[in-house]
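No value in this document is a laboratory result; all are computed from the given coordinates. Note that the structure is predicted; figures quoted are calculated from it, not measured. Every residue, glycine as well, gets a Cβ built from its backbone with ideal geometry; the counts of neighbours run over all protein chains shown.
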Amino acid sequence: MKFLVSRYNPESDASPYMQAFDVEVSRGMMLRDALLEIKRQDESFAFRHSCGEGVCGSDGVNVNGTNKLACITPISELKEPIEIRPFPGRPIIRDLVVDMTQFYQQYKAVKPWLVRNDPMPEQEILQSPQDRDKLDGLYECIMCGCCSTACPSFWWNPEKFHGPQALLTAWRFLADSRDQATDERLDALEGPYKLFRCHTIMNCVEVCPKGLNPTKAIGHIKNLMLKNAV
Amino acid sequence: MSRKASGLKAWALQRLTAIYIGLFSLYLLLVLLFAAPGGYIEWKAWLGGSLVSVAMLLYVLSVLMHAWIGVRDVLIDYIHPIAIRAALLGVVGLSLVAMGLWAAQALILVRLA
Ligand code: SF4
Ligand code: SF4
Ligand code: FES
């Protein structure tokens, strides 16, 4: 099967180019297996991967125009020639490896941890099963970055707009009954950039390999903000 | 718009004006289809009615406000050099104000006539 893979070595190439590889595919083969085979053919080829089962979130790539996790993408679902590029909009370090620094900075900016003002209890902070249910569809994010690097608003303003991943996380903590920083979190999201660059384009929802819905989470944040403002 | 108002307020206003624009457009469409004033005199009488003229003024303001928020969003997205963005925002803002004043003038003249 024919693969076209984006190659780029900043030390020797002026710009990224596509290189063709021929890979023999077997039944049940995942895209990551093909990338590993390509690496066997040309060991200078660079891409990230680790767990091989859609858990670590390190092997996000752009396949035929869509961001996917290579390890859980069956080759049989892809149209030939299979074009593999790095995540769009990110600076390329080499081949398919991109610089995700801004993505992590946006994550850090939403304070992705529980904030408590009350003194910590002796043991755990209890939560009702109903309140725990509110975190479903939020906590499962593996931070692969498929969503944020598919989001046009993040392409244009990656240093100021939080992007779908960080905003999903922001809602994950706003929705947590144990968190006590609702006002501070909402105040921090005010202004035209951090939250309100989202124009509900929904690219993020389409690509999330975990089936999460950042757009819905963003809608919840906006509604809560509105509710607290009036 | 103040810094604090630039996020949530703009977003809420955009939604609010959209609802009003939708409703009043529907009303306008229905009037034009089923009860269109016959001539100039009838038009003036219809538009000069106190309810219609106020609703129309609100409609024009909503359209202008909606346009302002939309254009501002596009400029924030795509135009990053702050001087160019400010200049474009200024041109758009002034044109919108001019249009609003023009519409208000027309409505006042209709009311007075
Ligand atoms: S929301 Fe989905 S696509 Fe985005 S980082 Fe999390 S798991 Fe990946
Ligand atoms: S819905 Fe919002 S966050 Fe998701 S891709 Fe669109 S603009 Fe980005
Ligand atoms: S290798 Fe871990 S998610 Fe694909």
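Numerical summary
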{"read-out": "Cβ-placed point charges (K, R +1; D, E -1), dipole of chain A about Cα centre in debye, nearest 20", "value": "460 debye"}
{"read-out": "Only Lys, Arg (+1) and Asp, Glu (-1) charged, at Cβ; chain B dipole about Cα centre in debye", "value": "360 debye"}
{"read-out": "Computed [θ] at 222 nm, deg cm²/dmol, chain A (DSSP H ≥ 4; -39,500 (n - 2.57); rounded to nearest 500)", "value": "-8500 deg cm²/dmol"}
{"read-out": "The range A:141-224: C-alpha gyration tensor shape, a/c 1.5 cut-off, then a/b vs b/c", "value": "oblate"}
{"read-out": "For the protein assembly as shown, Cys with no neighbouring Cys Cβ under 4.7 Å", "value": "A:C71, A:C141, A:C144, A:C146, A:C151, A:C198, A:C208"}
{"read-out": "Unit charges at the beta carbon, dipole of chain B: most positive-side option, B:L29, B:Y59, B:I76", "value": "B:I76"}
{"read-out": "For A:F87, distant residues with modelled amide H under 5 Å away", "value": "A:N62"}
{"read-out": "Compactness relative to 2.2 N^0.38 Å, alpha carbon Rg of the protein assembly as shown", "value": "1.30"}
{"read-out": "Rounded tilt (10° steps) of B:8-34 against the dominant C-alpha axis of chain B", "value": "20 degrees"}
{"read-out": "Fewest-first ranking of B:I108, A:I218, using other Cβ atoms within 10 Å as the exposure measure", "value": "B:I108, A:I218"}
{"read-out": "Violating pairs (Cα-Cα greater than 24 angstrom) within the set A:K111/A:K160; A:K68/A:K134; A:K2/A:K39", "value": "A:K68/A:K134"}
{"read-out": "Cα gyration tensor shape of the range A:2-98, rounded if a/c is under 1.5, else prolate or oblate by comparing a/b with b/c", "value": "prolate"}
